[in-house]
1. I'd like the residue in region 12-27 that is in contact with a Leu (Cβ under 9 Å, 6 or more places away or on another chain) and not in a helix (DSSP H, G or I) and, out of all such residues, is surrounded by the fewest Cβ atoms within 10 Å (Cβ to Cβ).
2. Name, by its number, the condition in (1) modelled with pLDDT of 85 or more; (2) on the phi > 0 side of the Ramachandran plot that does not hold for residue 155.
3. Please give the number of the condition residue 182 fails out of (1) modelled with pLDDT of 70 or more; (2) surrounded by fewer than 14 Cβ atoms within 10 Å (Cβ to Cβ).
4. Could you list, in sequence order, all residues of region 58-93 that are buried (at least 18 other Cβ atoms within 10 Å of the Cβ) and either modelled with pLDDT under 70 or polar (S, T, N, Q) (or both)?
5. Looking at region 21-29, is at least one residue over 22 Å from residue 156 (Cβ atoms), at pLDDT 80 or above and of a type in the set (D, E, K, R)?
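The values are calculated or read from the model by the stated rules, or taken from the named source; none is laboratory data. If you're wondering where the values come from, they're calculated on a predicted model, not measured in any experiment. Don't worry about glycine lacking a Cβ; one is built from the backbone with ideal geometry, like all the others, and counts go over all protein chains shown.
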Amino acid sequence: MLRKLEAFALGLGAPGLFLLAFLDSSFIALPEVVDILVVFMVIEDPARWLFYGGLATAGSVAGCLVLYELARRGGDAFLRKRLKEHHMTRAMALFARYGTLALIVPSLMPPPVPFKPFVLMAGVAGMPRARFIAAVTFGRGVRYGGEALLAVMYGQAALTYLQENARTVSIALTIAVALGLGGYWTHRVLRRRRESGRKTLE
């Protein structure tokens, strides 16, 4: 099936990549197909690595946005019809605790880590559309952009490694993002404390 989908997407060219990314993030589960296609297409045309990474990201964001809108309009009943109880309970707990990060982190991870439950939860919870789009764009952008860059740097070896170690790559990207966000958050907290201290002295 993977080979048929690859042939189909390659036959369409760039629109095929967008379409598969859209379907994978909305109505059909295509585990790791988009990741492998991004790397494969970049190997074929390294100069367009940023374009392919961005195209996969755009398709994924569009697909997620469809689910988000459906969940936002359908509410809790819509969610319960489409998710198993334990998935829904876990997603609700993580989303309530971490908010935007509950979208960013799973968007970086490969199957079997679920992502769609968090997309649906964001819609039901009424998460602002702009923040939702920004979170998914960031997460998917790091994932597909990072894979495209690896393809430029390592060529066919990147494709082989991704096929065998997709989970490891995603975990590494997630840790890098978490460290970056943690550093940014710490910087903001320290800056606010310094500003608060200055106002107190004044």
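1. First pass over region 12-27, keeping only residues in contact with a Leu (Cβ under 9 Å, 6 or more places away or on another chain): 12, 14-21, 23-27.
After this cut, where a residue has to be not in a helix (DSSP H, G or I) as well, the list is 26-27.
Working: 26: 20, 27: 11.
Step by step, filter region 12-27, then rank; the result is 27.
2. It fails just one condition, (1).
3. Failing condition for residue 182: (1).
4. 60, 79, 83, 88, 91
5. yes
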